[in-house]
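These notes are about the structure you will find just below.
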Amino acid sequence: MGIQSNLKPIMQEKIPVSVMLQAPLKFKCLTDEVGLDNSITDKNLHRPQLALAGYVGLFSWHRVQIFGNTETNYLRTLTLPDRIKALEKITQFRLPCIILTNNNMLDQELIDICINAEIPVLQTEYDTSKAFYLLSEFLDDQFSPQIVMHGSFVDVYGVGILFVGRSGIGKSEIALDLIERGHRLVADDVVMLTKKRETILMGTGTSLVQHFMEIRGLGIIDIRQMFGIRSIRFQKRLEIVVELEDWDDKATYTRTGLDELPLEILGVEISKVKLPIFPGKNITVIAEVIAINYLLRTYGYDASQVFSEKLNERIRQKSGVKKIFEEKRIISYFQGDNE
Amino acid sequence: MSVLEAEVTIVNRAGLHTRPAAGLVKMCSKFLSDIYLSRDGFSINAKSIIGVMTLAAEQGSTLNIKAEGIDAEEALNSLIEYFKSGFGEPI
């Protein structure tokens, strides 16, 4: 119970070229609107160097083709009929699209070949290595595995906390309470997590739900309209999963914070806190403390570790009974003003 | 604990809109089992109304139900009936 057991990742198999146009490369489309529905099925990019020279064995034609300075300069060394022949050779394959870096241009005759073959030609002002970097990052995100989790995702002091637990345990109510205290809602009920650069999970809501929320007994409310723009955000890195549970006398809960096991989602390890709840327990404040404690740890201070080391130090000193008595209190004598 | 699965089709004209979604969630909440609904791999907790509505399931679309728990069979059967009935709406 609690954490959804059917976490099947959703994999994007293809995206249309029109989606890639959103990548931050300031694309200019040189081929009107043709071929924008072409599918991109691979996140890797390809430079067609040898294919342009006529060798199309092992040509990764299904990838996005990048024409850098090498390709453009090579084409320039050829006569126009040879240029046309070289391009015709590679456009017989169903290339998803061609990208010209450094604002390079192709002859109108070559552009026309691409239009006929329904291959969009996109131009960017960035140099090849920058274009590679920006586009790889964009495509990596698009083709990343994603999962949907049932829970409430809130940014608490800049720490992304996902509350999970059985339905009706009060996840949305905790989120609402946190929003009241100035924290920000990322998504409620349906949280989409995407793996980024292998070690990071980014969370967001769905386009339909956005920042709507269901509160039992009230119905559906819109957090953005009620609390304003500062109460929401669209994306947040997931840092902690708080698993809410009904109080169980038999279960054991961590007392020192030294024995927490992380949770694995999409192969990424995420800190987990198991939190038993019962009426009257202020989970909101605990959530804030969890966030602040996480920040302290991230910035190098682990309270449970520090306390444990202090204790070990004391044990090592083997101080006698008298000294223990003296040191029991933080201060050795009370000041006279009785303040 | 048993895990049961079934495929269901939306038969009513208006699809799985707010009213049937609320009915569905109410029905699921009566059972102890964990119940998930999924469409094209997008899986949500069937006890969450926002989740169910996220599926935006129109007439003719197929959903997968997965029930996990001690009353999974009972839950699955009542859900299948509810889907078959078109949520009591015009077909």
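The values are calculated or read from the model by the stated rules, or taken from the named source; none is laboratory data. Since the structure is predicted, the reported quantities are computational estimates derived from the model, not experimental observations. Neighbour counts are summed over all protein chains in view; Cβ atoms, including those assigned to glycine, are modelled from backbone coordinates with ideal geometry. For the accessible areas, the whole protein counts, side chains as well, though only heavy atoms, and no ligand, DNA or RNA atoms are used. Shrake-Rupley method; radii C 1.70, N 1.55, O 1.52, S 1.80 Å.
Observations
- Radius 14 Å from Cβ of B:S61, net charge of other residues (Lys, Arg +1; Asp, Glu -1): -1
- P(r) for the range A:116-195, from all Cα pairs and a bin width of 10 Å, is 16, 29, 21, 18, 12, 3 %, short bins first.
- Over the range A:15-142: Rg over Rh, Cα atoms, Kirkwood Rh: 0.92
- Prolate/oblate/rounded call for chain B, Cα gyration tensor, a/c under 1.5 rounded: prolate
- Pairs exceeding a 25 Å alpha-carbon distance, out of A:K274/B:K26; A:K250/A:K274; A:K272/B:K26: A:K274/B:K26; A:K272/B:K26.
- Heavy-atom accessible area order for A:H183, A:H62, A:H46, largest first, 1.4 Å probe: A:H62, A:H46, A:H183
- Of all segments of chain A bounded by chymotrypsin sites (Phe, Trp or Tyr not before Pro) found in a DSSP loop with no more than 13 other C-beta atoms within 10 Å, the longest spans A:56-233.
- Once the Cβ-Cβ distance of B:R19 and A:E118 is raised to the sixth power relative to R0 = 35 Å, the FRET efficiency obtained is 0.20.
- Annotation note: trypsin sites (Lys or Arg not before Pro) in the range A:134-230 located in DSSP loop regions with a Cβ neighbour count of at most 12 within 10 Å are A:R181, A:R197, A:R216.
- With all protein chains in place and ligands, DNA and RNA left out, the 1.4 Å accessible area ranks B:M1, B:M53 as B:M1, B:M53, largest first.
- Whole-Hz ³J(HN,Hα) from phi, Karplus 6.51 cos²θ - 1.76 cosθ + 1.60, for the range B:15-25, glycine and proline x: x, 8, 8, 3, 5, x, 4, 5, x, 4, 5
- Highest-fluctuation residue, A:M226, A:M149, A:M213 considered, GNM on chain A with Cα pairs under 10 Å: A:M226
- At R0 = 45 Å, FRET efficiency that the Cβ-Cβ distance of A:L261 and A:S39 yields, to 0.05: 0.65
- Radius 13 Å from Cβ of A:D82, net charge of other residues (Lys, Arg +1; Asp, Glu -1): +1
- Taking every alpha-carbon pair under 8 Å whose residues sit at least 6 apart, chain A reaches a relative contact order of 14 percent.
- Counting only lysines at least 8 places from A:K89 when in the same chain, those with an alpha carbon closer than 26 Å to its own are A:K14, A:K28, A:K43.
- Label-point gap, in nm, between A:N312 and A:R197 - each point 7 angstrom along Cα→Cβ: 3.2 nm
- In this structure, the pairs whose alpha-carbon distance is over 31 Å, taken from A:K26/A:K236; A:K236/A:K310; A:K171/B:K66; A:K130/A:K195, are A:K236/A:K310.
- On the basis of the beta-carbon distance and an R0 of 30 Å, A:A303 and A:I220 show a calculated FRET efficiency of 0.15.
- Note on chain A: GNM, Cα springs under 10 Å; of A:D188, A:D127, A:D140, the largest mean-square fluctuation is that of A:D127.
- Top of A:E109, A:E173, A:E243 by mean-square fluctuation, Gaussian network on chain A, Cα under 10 Å: A:E109
- Computed on chain B, with alpha-carbon pairs under 8 angstrom and 6+ residues apart, the relative contact order is 47 percent.
- Spherically averaged projected area of the convex hull of Cα atoms, the protein assembly as shown: 32.4 nm².
- Cα-based reach from B:K30 at 16 Å (exclusive), listing aspartates and glutamates while leaving out same-chain residues under 8 positions away: B:E68, B:D71, B:E73, B:E74, B:E81
- Where the Cα pairs of the range A:79-149 fall when distances are cut into 10 Å bins, in %: 17, 38, 30, 10, 3, 1
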